[in-house]
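Below is one structure, written out as structure tokens; comments come after it.
The values are calculated or read from the model by the stated rules, or taken from the named source; none is laboratory data. Quick caveat: nothing in here was measured; it's all calculated off a predicted structure. Ideal geometry is used to build each Cβ from the backbone, glycine not excepted, and the neighbour counts take in all protein chains shown. In case anyone asks, the SASA skips ligands and DNA or RNA and just uses the protein heavy atoms, side chains included. Shrake-Rupley method; radii C 1.70, N 1.55, O 1.52, S 1.80 Å.
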Amino acid sequence: MSFKAKFISKKESLQDYAVMPLEGPWWVENTEGFDIQGKINWKWTAMIRQPYFITNDIIEKALKEVEKKKNPPVLSRLRFESLHEGLSAQIMHIGSYPEEEPTIEKLHNFIKEKGYEFGGSISGERHHEIYLSDVRRTKPEKLKTIIRQPIKQKKRE
């Protein structure tokens, strides 16, 4: 979809751009007994950021073209919406996804040390990953992932 929107934009408005990397917020419904390695229980949304000039009209055209040519089974679940994450802390993780835990702990410690708590403008205990490397072309130890955590100022007691 993102590549189809890019090509429609280039053809119709002469605005070309690089397709942004895959991103995903991750969360669990119940944080009791949370296990960072137990991702089977995690919920997530896959997303790709679009430039400001990509409109609903372009997305609708792209949807129709993708549906006509490939019609992937998840196409009906696609949505075009804004995400306002608010204030966040982030860190770069280099390595495989199963080895993220120490990097996440470092980020969480930083957040606490600076007087913040999890939160931000989206609800829940979510973190957000931005996958800068193509997992199909990059060795696991060289994968680059930005790990972002929405935060808010701690309430004074």
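At-a-glance table
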item: LYS144 vs. criteria of a type outside the set (Gly, Ala, Ser), loosely packed, with under 15 Cβ neighbours inside 10 Å and out of contact with any strand residue (DSSP E or B) (no Cβ under 6 Å at 6 or more places or on another chain); result: no
item: Failed condition for MET20, given (1) under 24 Å from ARG148 (Cβ atoms); (2) assigned to a helix (DSSP H, G or I); (3) aliphatic (A, V, I, L, M); result: (2)
item: Among the residues listed as ARG156, ARG79, ARG126, the single one being open to solvent by 50 Å² or more (accessible area, probe 1.4 Å), more than 24 Å from ALA18 (Cα to Cα) and within 17 Å of the chain's Cα centre (by Cα); result: ARG126
item: Strands (runs of 3 or more DSSP E) wholly inside the range 79-152 that include at least 1 residues being modelled with pLDDT of 95 or more; result: 88-94, 127-131
item: Failed condition for GLY115, given (1) free of Cβ contacts under 8 Å to residues at least 60 places away in the same chain; (2) out of contact with any helix residue (DSSP H, G or I) (no Cβ under 6 Å at 6 or more places or on another chain); (3) surrounded by 13 or more Cβ atoms within 10 Å (Cβ to Cβ); (4) more than 25 Å from LYS11 (Cβ to Cβ); result: (3)
item: Residue tally, condition β-branched (Val, Ile, Thr) and within 19 Å of the chain's Cα centre (by Cα), over the range 60-76; result: 1
